[in-house]
Amino acid sequence: MDMSRIQQIDDYRWALIEKPDSVIMCGLGHQIGCDYLVLLAKVAKELGIHLPDSELACAPILSDEGQRYIGAMCSGINCTLANRQIITHLTREAFAGVIPNARLETLFDVSHNTCKREKHLLNGEGKEIYIHRKGATRAFGPHHPALPERYKNIGQPVCIGGNMGTGSYVLAGNSEDLNHAFSSACHGV
Amino acid sequence: MIITDENYFDHDADIGIIGRGNSLEESFVDAATAMFALMANLSEVHPKTSIKFEFEETDVELAFVTWLNSLIAKAQADNLLLSRFQIKKNSNLWRGEAQGVVWRDDIERGIEVKGATLTMLSVKQADGKWEAKCVVDV
């Protein structure tokens, strides 16, 4: 978690934030990845799928193993969503003891390093596809149906966390025809 | 086991580890030692606690990754720095043990290893010596 201050607003939709002092991250993703890499490596071998690198272990998405992995991954995402709710609550409690009138509003909550089933334009045709984002988050542009009403005209808030040597950024997603990465943005500097 | 630069190789933003030994199990132990040696100076660790676990795996390469990841999971669960390792293979059953200490403020932390990957994974025997290697995520 980091506490930052808005340093500069270059556009009403995005801002540069002073560098954070510390960031704490936690999740089940890595454990799920470790467990299923071994399982999927075996499935790939059984199916005769050639892997240029064993780390590219895979299985057909509709196979039993593929569905189990999707289920485990979604469970992990749900866990982190609940975890962030708890962190937010505890943060508000901590602030209440120091700055009683502080208003801590959730700008947006999005997970990174996930695989999501989404509809995107491929060769001009809308298709349901699985988007695997690594080191990235979703960044829907304006008017996307999945966006809450308050962001419909602006686009999804995109928070790019910085490190000890840079600032952080609050941006907004671009419309699909301007974003060639299936509405994705990096999740950190 | 003495860990040297020969126990490591570069790989992009992560680190490759290599374990060697006269037996398959020795190479696994050597690799585990090399992995935890990234986290701290193990020569200063005097073990006070131990962990045990077992798993089934027929593929020796996947067993290697499972061995390393089981050690990391157990260590993280109990906030341990492990420094001594043993493993025994009986058919497809692997029994592992490790000893170490609970992390303390006076132990200087090195690189955090998040897990062993399947990248560059290899377990092989050549000229009577076993070598087990993979890239670990740091």
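Being closer than 16 Å to B:Asp137 by Cβ and either of a type outside the set (Gly, Ala, Ser) or touching a residue at least 40 places away in the same chain (Cβ under 8 Å) (or both) is the requirement here; does B:Ala31 meet it?
For B:Ala31, the condition - closer than 16 Å to B:Asp137 by Cβ and either of a type outside the set (Gly, Ala, Ser) or touching a residue at least 40 places away in the same chain (Cβ under 8 Å) (or both) - is met.
Any idea which of A:Ile70, A:Ile61, A:Ile77 is touching a residue at least 60 places away in the same chain (Cβ under 8 Å) and away from chain B (no Cβ under 14 Å)?
Criteria check complete, one pass: A:Ile61.
Can A:Asn78 be described as in contact with a Cys (Cβ under 8 Å, 6 or more places away or on another chain), polar (S, T, N, Q) and part of a helix (DSSP H, G or I)?
no
Mind checking which residues of region A:72-86 are more than 13 Å from the chain's Cα centre (by Cα) and β-branched (Val, Ile, Thr)?
A:Ile86 - this is the single residue of region A:72-86 that is more than 13 Å from the chain's Cα centre (by Cα) and β-branched (Val, Ile, Thr).
I'd like the full set of residues that are among the hydrophobic types (A, V, I, L, M, F, W, C) and more than 11 Å from the chain's Cα centre (by Cα), limited to region B:20-46.
B:Leu24, B:Met39, B:Ala40, B:Leu42, B:Val45
Looking only at region A:153-189, count how many residues are outside any strand (DSSP E or B), modelled with pLDDT of 85 or more and hydroxyl-bearing (Ser, Thr, Tyr).
Result for region A:153-189: 1.
Are any residues in region B:80-101 out of contact with any Lys or Arg (no Cβ under 9 Å at 6 or more places or on another chain), more than 14 Å from chain A (Cβ to nearest Cβ) and surrounded by fewer than 17 Cβ atoms within 10 Å (Cβ to Cβ), and if so, which ones?
B:Asn90, B:Ser91, B:Leu93
One line per residue, one yes/no per condition, for (1) of a type in the set (A, V, I, L, M, F, W, C); (2) outside any strand (DSSP E or B); (3) loosely packed, with under 10 Cβ neighbours inside 10 Å; (4) in contact (Cβ under 8 Å) with a residue 24 or more places away in the chain:
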| site | (1), (2), (3), (4) |
| --- | --- |
| A:Gly97 | no, yes, yes, no |
| A:Asn101 | no, yes, yes, no |
| A:Phe108 | yes, yes, no, yes |
| A:Glu118 | no, no, no, yes |
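Looking at region B:102-126, which of the residues that are more than 14 Å from every other protein chain (Cβ to nearest Cβ) and in contact (Cβ under 8 Å) with a residue 40 or more places away in the chain is farthest from A:Gly29 (Cα to Cα)?
B:Gln125
For the subset of region A:106-117 comprising residues that are more than 13 Å from the chain's Cα centre (by Cα) and within 22 Å of A:Leu28 (Cβ to Cβ), which member is modelled with the highest pLDDT?
Step by step, filter region A:106-117, then rank; the result is A:Arg117.
Search region B:49-74 for residues being at pLDDT 95 or above and within 15 Å of B:Val101 (Cβ to Cβ), and hand back the single one that is nearest to the other protein chains (Cβ to nearest Cβ).
Residue satisfying both the conditions and the ranking: B:Leu71.
Can you pull out the residues in region B:10-22 that are over 15 Å from B:Asp137 (Cβ atoms) and touching a strand residue (DSSP E or B) at 6+ places or on another chain (Cβ under 6 Å)?
Across region B:10-22, the qualifying residues are B:Ile18, B:Gly19, B:Arg20, B:Gly21.
The values are calculated or read from the model by the stated rules, or taken from the named source; none is laboratory data. Since the model is a prediction, treat every value here as computed from it, not as a measurement. Reconstructed Cβ throughout: ideal geometry from the backbone, glycine too, with neighbour counts over all protein chains shown.
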